[in-house]
1. Can you work out D for the chain in µm² s⁻¹ from Stokes-Einstein, where Rh is the Kirkwood radius over C-alpha pairs, the temperature is 20 °C and the viscosity is 1.002 mPa s?
2. What does the helix-only formula give at 222 nm for the chain: each DSSP H stretch with n ≥ 4 adding -39500 (n - 2.57), the total divided by the residues, and the result rounded to the nearest 500 deg cm²/dmol?
3. Rounded to the nearest 10 Å², what accessible area does L320 have for a 1.4 Å probe in the complete protein model?
4. Going by accessible area, probe 1.4 Å, with all protein chains left in place, what is the ranking of S296, S278, S255, largest first?
5. Where does the stretch 56-115 land on the Kirkwood hydrodynamic radius, alpha-carbon pairs, in angstrom?
6. Provide, for q = 0.18, 0.28, 0.29 Å⁻¹, the log10 of I(q)/I(0) from a solvent-free Debye sum over equal Cα point scatterers in the stretch 249-299.
7. So, with +1 on the Cβ of K and R and -1 on the Cβ of D and E, and no other charges, what is the size of the charge dipole of the stretch 204-269 about its Cα centre, to the nearest 20 debye?
8. Can you sort I402, I382 by solvent-accessible area, 1.4 Å probe, largest first?
Amino acid sequence: LFRSTTLWSLLAGIYLISAGASYLYFSSSQKAAIVPVTTTQVTSARNKIDPSLPKTEECPLNGQKYTTVERSIWEGRRPLTVMIENSIDARPQSGMSKADIIYEAVAEGGITRFLNVFYCGAAAEEVKMSPVRSARIYFFNWASEYGRYPLFVHYGGANNFCPSCYGGVKAPGSVAKEVDVYAAMSKAGWSNGRMGNDMDGQSNLGVPVLTRNVNRLGDTPVAWEHSVIGSLDEAYKEAAKRGFGATDKDGSQWSKTFTAWKFIDDKPATENVASEISFEFWANKPDFDVVWSYDSKTNSYKRSQGGKPHTDLEFDKPQLTAKNVVIQYVKEKGPLDRELHMFYEVIGSGKATVFQNGTQINGTWKKATQFERTKYFDEKGIEIAFVRGGIFIEGVPSTNTISVK
(Lines give C-alpha, C1' and ligand atoms only; values in the text may rest on other atoms or scores of the structure.)
Protein backbone atom coordinates (compact mmCIF):
# COMPACT_ATOMS: atom_id res chain seq x y z
CA LEU A 1 0.00 0.00 0.00
CA PHE A 2 2.88 2.35 0.88
CA ARG A 3 4.57 1.71 -2.50
CA SER A 4 1.28 2.21 -4.37
CA THR A 5 0.62 5.47 -2.60
CA THR A 6 4.18 6.65 -3.23
CA LEU A 7 3.92 5.78 -6.93
CA TRP A 8 0.68 7.70 -7.37
CA SER A 9 2.15 10.68 -5.51
CA LEU A 10 5.20 10.61 -7.77
CA LEU A 11 3.09 10.45 -10.94
CA ALA A 12 0.87 13.24 -9.70
CA GLY A 13 3.91 15.37 -8.96
CA ILE A 14 5.37 14.79 -12.43
CA TYR A 15 2.05 15.73 -14.04
CA LEU A 16 1.75 18.96 -12.11
CA ILE A 17 5.32 20.00 -12.89
CA SER A 18 4.94 19.29 -16.62
CA ALA A 19 1.62 21.05 -16.88
CA GLY A 20 2.92 24.15 -15.09
CA ALA A 21 -0.56 25.60 -14.75
CA SER A 22 -1.80 24.85 -11.27
CA TYR A 23 -3.04 27.64 -9.01
CA LEU A 24 -3.46 27.88 -5.26
CA TYR A 25 -6.12 30.32 -4.16
CA PHE A 26 -6.35 32.69 -1.23
CA SER A 27 -8.10 31.43 1.85
CA SER A 28 -8.83 33.45 4.96
CA SER A 29 -5.34 32.80 6.28
CA GLN A 30 -3.21 31.58 3.35
CA LYS A 31 -1.92 33.29 0.22
CA ALA A 32 -1.71 31.58 -3.16
CA ALA A 33 1.66 30.44 -4.50
CA ILE A 34 3.06 32.19 -7.54
CA VAL A 35 3.10 29.93 -10.60
CA PRO A 36 4.12 31.66 -13.84
CA VAL A 37 2.07 30.70 -16.89
CA THR A 38 2.88 30.66 -20.58
CA THR A 39 1.09 32.88 -23.06
CA THR A 40 -1.11 29.96 -24.15
CA GLN A 41 -2.49 29.73 -20.60
CA VAL A 42 -3.34 33.40 -20.24
CA THR A 43 -7.04 33.07 -21.11
CA SER A 44 -7.50 30.28 -18.58
CA ALA A 45 -5.73 32.28 -15.89
CA ARG A 46 -7.82 35.39 -16.57
CA ASN A 47 -11.00 33.40 -16.02
CA LYS A 48 -9.76 32.74 -12.48
CA ILE A 49 -9.19 36.38 -11.56
CA ASP A 50 -11.47 37.26 -8.66
CA PRO A 51 -11.75 41.00 -7.88
CA SER A 52 -12.28 40.14 -4.20
CA LEU A 53 -8.87 38.49 -3.87
CA PRO A 54 -6.34 40.48 -1.84
CA LYS A 55 -3.93 42.57 -3.88
CA THR A 56 -0.59 41.71 -2.33
CA GLU A 57 1.76 41.30 -5.31
CA GLU A 58 3.98 44.26 -6.18
CA CYS A 59 4.51 45.18 -9.81
CA PRO A 60 8.27 45.53 -10.28
CA LEU A 61 7.78 48.42 -12.72
CA ASN A 62 5.60 50.84 -10.75
CA GLY A 63 4.94 49.22 -7.38
CA GLN A 64 1.17 48.87 -7.82
CA LYS A 65 -0.39 45.89 -6.06
CA TYR A 66 -2.24 43.08 -7.88
CA THR A 67 -3.59 39.58 -7.21
CA THR A 68 -1.45 36.45 -7.38
CA VAL A 69 -3.26 35.31 -10.54
CA GLU A 70 -2.34 38.52 -12.34
CA ARG A 71 1.24 38.10 -11.20
CA SER A 72 1.25 34.53 -12.54
CA ILE A 73 0.44 36.00 -15.96
CA TRP A 74 3.03 38.78 -16.03
CA GLU A 75 5.75 36.47 -14.70
CA GLY A 76 5.41 34.40 -17.87
CA ARG A 77 6.27 37.48 -19.93
CA ARG A 78 8.66 40.41 -20.12
CA PRO A 79 7.95 44.15 -20.46
CA LEU A 80 6.54 45.19 -23.82
CA THR A 81 7.24 48.74 -24.94
CA VAL A 82 5.27 50.23 -27.81
CA MET A 83 5.43 53.48 -29.76
CA ILE A 84 2.06 55.27 -29.85
CA GLU A 85 1.52 58.43 -31.86
CA ASN A 86 -0.12 61.63 -30.71
CA SER A 87 -1.16 63.44 -33.87
CA ILE A 88 -4.40 65.35 -33.40
CA ASP A 89 -6.19 63.22 -36.01
CA ALA A 90 -5.10 60.05 -34.21
CA ARG A 91 -6.72 60.88 -30.86
CA PRO A 92 -7.96 59.29 -28.72
CA GLN A 93 -5.43 56.50 -28.53
CA SER A 94 -6.16 52.94 -27.46
CA GLY A 95 -4.66 51.02 -24.57
CA MET A 96 -2.72 53.77 -22.80
CA SER A 97 -4.74 53.47 -19.58
CA LYS A 98 -3.31 49.96 -19.10
CA ALA A 99 0.35 50.95 -19.36
CA ASP A 100 2.43 50.84 -16.18
CA ILE A 101 4.74 53.65 -17.30
CA ILE A 102 4.43 56.16 -20.15
CA TYR A 103 7.07 58.44 -21.66
CA GLU A 104 6.29 61.48 -23.83
CA ALA A 105 8.62 63.58 -25.98
CA VAL A 106 8.52 65.45 -29.27
CA ALA A 107 8.92 63.33 -32.42
CA GLU A 108 9.25 66.23 -34.85
CA GLY A 109 7.66 69.61 -35.53
CA GLY A 110 6.46 69.96 -31.96
CA ILE A 111 4.26 66.86 -32.30
CA THR A 112 4.78 64.51 -29.37
CA ARG A 113 4.81 60.73 -29.27
CA PHE A 114 4.54 58.15 -26.49
CA LEU A 115 6.45 55.11 -25.37
CA ASN A 116 4.05 52.89 -23.42
CA VAL A 117 5.48 50.21 -21.13
CA PHE A 118 3.11 47.29 -20.58
CA TYR A 119 3.64 44.48 -18.08
CA CYS A 120 1.48 44.27 -14.94
CA GLY A 121 -1.51 46.49 -15.73
CA ALA A 122 -2.22 44.61 -18.95
CA ALA A 123 -2.23 41.14 -17.36
CA ALA A 124 -5.94 40.92 -16.58
CA GLU A 125 -7.31 41.48 -20.10
CA GLU A 126 -6.42 41.82 -23.76
CA VAL A 127 -5.18 45.28 -24.72
CA LYS A 128 -5.41 46.89 -28.16
CA MET A 129 -2.59 49.40 -28.68
CA SER A 130 -3.16 52.10 -31.26
CA PRO A 131 -2.06 53.90 -33.33
CA VAL A 132 1.34 52.19 -33.45
CA ARG A 133 3.89 54.51 -35.05
CA SER A 134 7.60 54.83 -35.82
CA ALA A 135 10.47 54.80 -33.34
CA ARG A 136 12.92 57.50 -32.31
CA ILE A 137 16.37 57.00 -30.80
CA TYR A 138 15.56 58.55 -27.42
CA PHE A 139 12.52 56.32 -26.94
CA PHE A 140 14.76 53.36 -27.80
CA ASN A 141 17.17 54.53 -25.09
CA TRP A 142 14.33 54.67 -22.56
CA ALA A 143 13.06 51.23 -23.61
CA SER A 144 16.57 49.84 -23.03
CA GLU A 145 16.02 50.14 -19.27
CA TYR A 146 13.56 47.24 -19.14
CA GLY A 147 15.97 44.33 -19.28
CA ARG A 148 18.65 43.75 -21.90
CA TYR A 149 16.07 42.63 -24.49
CA PRO A 150 12.65 44.17 -23.84
CA LEU A 151 9.99 43.81 -26.51
CA PHE A 152 9.99 46.95 -28.66
CA VAL A 153 6.92 47.33 -30.90
CA HIS A 154 6.83 50.06 -33.53
CA TYR A 155 6.08 50.70 -37.19
CA GLY A 156 9.26 51.91 -38.84
CA GLY A 157 11.68 54.50 -37.50
CA ALA A 158 14.45 56.89 -38.41
CA ASN A 159 16.92 55.05 -40.67
CA ASN A 160 19.09 55.35 -43.78
CA PHE A 161 17.67 52.41 -45.74
CA CYS A 162 16.44 53.17 -49.26
CA PRO A 163 16.00 50.22 -51.67
CA SER A 164 15.43 52.56 -54.62
CA CYS A 165 18.52 54.69 -53.86
CA TYR A 166 22.02 54.18 -55.17
CA GLY A 167 23.81 51.70 -52.92
CA GLY A 168 20.61 51.07 -50.95
CA VAL A 169 21.07 54.07 -48.67
CA LYS A 170 19.70 57.60 -48.59
CA ALA A 171 21.71 60.59 -49.73
CA PRO A 172 24.08 62.10 -47.14
CA GLY A 173 22.29 64.50 -44.83
CA SER A 174 18.92 62.75 -45.07
CA VAL A 175 19.14 61.10 -41.65
CA ALA A 176 21.71 62.20 -39.07
CA LYS A 177 23.85 59.43 -37.61
CA GLU A 178 22.87 60.18 -34.01
CA VAL A 179 19.14 59.70 -34.73
CA ASP A 180 19.45 56.47 -36.77
CA VAL A 181 17.46 54.16 -34.50
CA TYR A 182 17.79 51.15 -36.85
CA ALA A 183 21.57 51.32 -36.61
CA ALA A 184 21.33 51.61 -32.82
CA MET A 185 19.01 48.60 -32.54
CA SER A 186 21.29 46.55 -34.75
CA LYS A 187 24.30 47.47 -32.62
CA ALA A 188 22.37 46.47 -29.49
CA GLY A 189 21.54 43.07 -30.98
CA TRP A 190 17.81 43.72 -31.02
CA SER A 191 17.17 43.21 -34.73
CA ASN A 192 18.46 39.71 -35.57
CA GLY A 193 16.55 39.57 -38.86
CA ARG A 194 12.98 38.48 -38.20
CA MET A 195 13.69 36.89 -34.83
CA GLY A 196 14.78 39.74 -32.57
CA ASN A 197 13.08 41.48 -29.65
CA ASP A 198 12.68 44.45 -32.01
CA MET A 199 9.16 43.99 -33.40
CA ASP A 200 8.85 46.28 -36.41
CA GLY A 201 5.68 46.44 -38.50
CA GLN A 202 7.71 47.74 -41.41
CA SER A 203 10.16 44.85 -41.58
CA ASN A 204 9.41 41.80 -39.42
CA LEU A 205 5.93 41.99 -37.93
CA GLY A 206 2.41 41.77 -39.35
CA VAL A 207 -0.96 40.10 -38.85
CA PRO A 208 -2.18 39.06 -36.30
CA VAL A 209 0.03 41.23 -34.08
CA LEU A 210 -0.53 44.36 -36.18
CA THR A 211 -3.65 45.08 -38.21
CA ARG A 212 -5.15 48.21 -39.77
CA ASN A 213 -8.56 49.80 -39.35
CA VAL A 214 -9.15 53.24 -40.87
CA ASN A 215 -12.47 53.35 -39.00
CA ARG A 216 -10.89 52.86 -35.59
CA LEU A 217 -12.37 56.19 -34.42
CA GLY A 218 -15.79 55.80 -36.00
CA ASP A 219 -17.49 56.30 -39.34
CA THR A 220 -15.08 58.98 -40.52
CA PRO A 221 -11.93 57.22 -41.76
CA VAL A 222 -8.56 58.24 -40.37
CA ALA A 223 -5.50 58.59 -42.57
CA TRP A 224 -3.65 55.36 -43.37
CA GLU A 225 -0.74 56.23 -41.05
CA HIS A 226 -3.12 56.55 -38.08
CA SER A 227 -4.73 53.13 -38.54
CA VAL A 228 -2.26 50.57 -37.14
CA ILE A 229 -3.63 48.58 -34.21
CA GLY A 230 -1.49 46.25 -32.13
CA SER A 231 -2.67 43.28 -30.07
CA LEU A 232 -0.71 42.89 -26.87
CA ASP A 233 -1.64 39.21 -26.47
CA GLU A 234 -0.60 38.41 -30.03
CA ALA A 235 2.63 40.33 -29.55
CA TYR A 236 3.45 38.15 -26.56
CA LYS A 237 2.70 35.00 -28.54
CA GLU A 238 5.02 36.17 -31.30
CA ALA A 239 7.68 37.04 -28.73
CA ALA A 240 7.52 33.51 -27.31
CA LYS A 241 8.07 32.08 -30.81
CA ARG A 242 11.17 34.26 -31.11
CA GLY A 243 12.53 33.05 -27.79
CA PHE A 244 11.65 36.13 -25.74
CA GLY A 245 9.27 34.85 -23.08
CA ALA A 246 10.09 35.37 -19.42
CA THR A 247 13.68 34.25 -20.01
CA ASP A 248 16.40 35.23 -22.44
CA LYS A 249 17.83 32.69 -24.87
CA ASP A 250 20.57 31.83 -22.38
CA GLY A 251 17.92 30.83 -19.84
CA SER A 252 18.35 33.84 -17.55
CA GLN A 253 15.35 35.83 -16.37
CA TRP A 254 14.68 39.04 -18.33
CA SER A 255 14.86 40.93 -15.01
CA LYS A 256 18.47 39.87 -14.35
CA THR A 257 19.67 43.22 -15.68
CA PHE A 258 16.64 45.25 -14.58
CA THR A 259 16.87 47.74 -11.72
CA ALA A 260 13.59 48.50 -9.98
CA TRP A 261 12.77 51.90 -8.55
CA LYS A 262 11.85 52.39 -4.91
CA PHE A 263 8.16 52.58 -4.00
CA ILE A 264 6.09 54.05 -1.18
CA ASP A 265 2.44 53.98 -0.16
CA ASP A 266 0.07 56.92 -0.61
CA LYS A 267 0.55 59.82 1.78
CA PRO A 268 -1.42 62.80 0.44
CA ALA A 269 -0.27 66.27 1.41
CA THR A 270 -2.61 68.33 3.58
CA GLU A 271 -1.11 71.73 2.81
CA ASN A 272 0.83 73.53 0.07
CA VAL A 273 -0.75 71.24 -2.48
CA ALA A 274 0.37 71.56 -6.10
CA SER A 275 -3.07 71.32 -7.65
CA GLU A 276 -2.25 72.00 -11.31
CA ILE A 277 0.83 71.45 -13.45
CA SER A 278 0.92 72.92 -16.95
CA PHE A 279 3.55 73.26 -19.65
CA GLU A 280 4.20 73.30 -23.38
CA PHE A 281 6.66 71.32 -25.46
CA TRP A 282 6.99 73.84 -28.29
CA ALA A 283 5.68 77.39 -28.61
CA ASN A 284 2.72 77.88 -30.94
CA LYS A 285 1.73 74.20 -30.64
CA PRO A 286 -1.21 74.50 -28.21
CA ASP A 287 -2.71 71.16 -29.25
CA PHE A 288 0.19 69.50 -27.42
CA ASP A 289 0.17 71.65 -24.28
CA VAL A 290 -0.29 69.51 -21.17
CA VAL A 291 -2.19 70.08 -17.93
CA TRP A 292 -2.08 67.67 -14.98
CA SER A 293 -4.80 68.31 -12.38
CA TYR A 294 -4.46 66.85 -8.88
CA ASP A 295 -7.42 64.86 -7.56
CA SER A 296 -7.20 64.67 -3.78
CA LYS A 297 -9.90 61.97 -3.57
CA THR A 298 -7.77 59.47 -5.49
CA ASN A 299 -4.39 61.07 -4.75
CA SER A 300 -3.64 61.04 -8.47
CA TYR A 301 -3.24 63.44 -11.38
CA LYS A 302 -5.65 63.68 -14.32
CA ARG A 303 -4.18 64.41 -17.73
CA SER A 304 -5.44 66.89 -20.31
CA GLN A 305 -3.80 67.84 -23.61
CA GLY A 306 -4.75 70.51 -26.09
CA GLY A 307 -7.40 71.79 -23.69
CA LYS A 308 -9.27 68.46 -23.53
CA PRO A 309 -9.21 65.50 -21.14
CA HIS A 310 -6.82 62.86 -22.46
CA THR A 311 -8.89 59.68 -22.67
CA ASP A 312 -8.43 56.07 -23.75
CA LEU A 313 -10.69 54.96 -26.62
CA GLU A 314 -11.05 51.55 -24.92
CA PHE A 315 -12.22 50.39 -21.49
CA ASP A 316 -15.17 52.82 -21.24
CA LYS A 317 -13.00 55.79 -22.25
CA PRO A 318 -11.29 56.65 -18.93
CA GLN A 319 -9.25 59.82 -18.56
CA LEU A 320 -5.56 59.05 -18.21
CA THR A 321 -4.24 59.40 -14.68
CA ALA A 322 -0.94 58.92 -12.89
CA LYS A 323 0.18 58.64 -9.30
CA ASN A 324 3.49 60.22 -10.27
CA VAL A 325 4.22 62.87 -12.89
CA VAL A 326 7.90 63.37 -13.73
CA ILE A 327 9.15 66.40 -15.63
CA GLN A 328 12.49 65.27 -17.03
CA TYR A 329 14.27 68.20 -18.60
CA VAL A 330 16.20 67.02 -21.67
CA LYS A 331 18.58 68.85 -23.98
CA GLU A 332 17.03 69.49 -27.39
CA LYS A 333 18.90 69.42 -30.70
CA GLY A 334 17.51 69.83 -34.17
CA PRO A 335 16.14 69.53 -36.64
CA LEU A 336 19.36 67.66 -37.50
CA ASP A 337 18.73 66.52 -41.06
CA ARG A 338 16.57 66.89 -44.16
CA GLU A 339 13.92 64.63 -42.63
CA LEU A 340 13.71 67.09 -39.71
CA HIS A 341 14.57 64.58 -37.00
CA MET A 342 15.00 65.87 -33.46
CA PHE A 343 17.34 64.55 -30.80
CA TYR A 344 16.70 64.60 -27.07
CA GLU A 345 19.46 63.61 -24.67
CA VAL A 346 18.12 61.04 -22.20
CA ILE A 347 21.53 59.54 -21.37
CA GLY A 348 23.55 61.65 -18.97
CA SER A 349 21.99 63.91 -16.36
CA GLY A 350 19.79 66.96 -15.97
CA LYS A 351 17.16 68.65 -13.87
CA ALA A 352 13.89 66.96 -12.93
CA THR A 353 10.72 67.74 -11.00
CA VAL A 354 8.55 64.97 -9.55
CA PHE A 355 4.93 65.48 -8.52
CA GLN A 356 3.37 62.95 -6.16
CA ASN A 357 0.97 63.03 -3.18
CA GLY A 358 0.06 66.58 -4.25
CA THR A 359 3.63 67.75 -3.61
CA GLN A 360 6.45 69.04 -5.79
CA ILE A 361 9.96 67.60 -5.47
CA ASN A 362 12.75 69.39 -7.31
CA GLY A 363 15.88 67.48 -8.15
CA THR A 364 17.86 65.77 -10.88
CA TRP A 365 17.87 62.72 -13.14
CA LYS A 366 20.81 60.48 -14.01
CA LYS A 367 21.28 57.70 -16.56
CA ALA A 368 24.92 56.78 -17.04
CA THR A 369 24.59 54.42 -20.01
CA GLN A 370 21.97 53.20 -22.46
CA PHE A 371 21.04 50.08 -20.49
CA GLU A 372 21.15 51.62 -17.00
CA ARG A 373 17.98 52.75 -15.29
CA THR A 374 17.21 56.44 -15.09
CA LYS A 375 17.19 57.45 -11.44
CA TYR A 376 15.59 60.55 -9.95
CA PHE A 377 17.05 62.34 -6.93
CA ASP A 378 15.87 65.14 -4.68
CA GLU A 379 17.89 68.26 -3.90
CA LYS A 380 19.78 66.37 -1.17
CA GLY A 381 20.85 63.68 -3.61
CA ILE A 382 18.52 61.03 -2.17
CA GLU A 383 16.76 58.78 -4.68
CA ILE A 384 13.07 59.63 -5.00
CA ALA A 385 10.69 56.75 -4.28
CA PHE A 386 7.54 56.61 -6.40
CA VAL A 387 4.01 56.32 -5.03
CA ARG A 388 2.62 52.93 -6.04
CA GLY A 389 0.77 53.26 -9.33
CA GLY A 390 1.04 54.84 -12.75
CA ILE A 391 4.17 56.81 -13.64
CA PHE A 392 4.15 59.36 -16.47
CA ILE A 393 7.48 60.79 -17.59
CA GLU A 394 7.44 64.00 -19.63
CA GLY A 395 10.61 64.64 -21.66
CA VAL A 396 10.41 68.45 -21.71
CA PRO A 397 13.06 70.59 -23.46
CA SER A 398 15.52 71.85 -20.86
CA THR A 399 14.99 75.50 -21.83
CA ASN A 400 11.26 75.30 -21.07
CA THR A 401 9.51 76.19 -17.85
CA ILE A 402 6.45 74.71 -16.15
CA SER A 403 3.65 76.44 -14.28
CA VAL A 404 2.49 75.11 -10.91
CA LYS A 405 -0.58 76.35 -9.07
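1. Calculated translational D: 96 µm²/s.
2. So the helix-based figure for the chain works out to -4000 deg cm²/dmol.
3. 10 Å²
4. The residues order as S296, S255, S278, largest area first.
5. So the Kirkwood estimate lands at 13.4 Å.
6. The Cα Debye sum returns log10 ratios of -0.80, -1.08, -1.11.
7. The dipole of the stretch 204-269 has a size of about 200 debye.
8. I382, I402
The values are calculated or read from the model by the stated rules, or taken from the named source; none is laboratory data. None of the values given here were measured: they were computed from a predicted structure. Glycine gets a Cβ as well: all are built from the backbone with ideal geometry, and neighbour counts include every protein chain shown. In case anyone asks, the SASA skips ligands and DNA or RNA and just uses the protein heavy atoms, side chains included. Shrake-Rupley method; radii C 1.70, N 1.55, O 1.52, S 1.80 Å.
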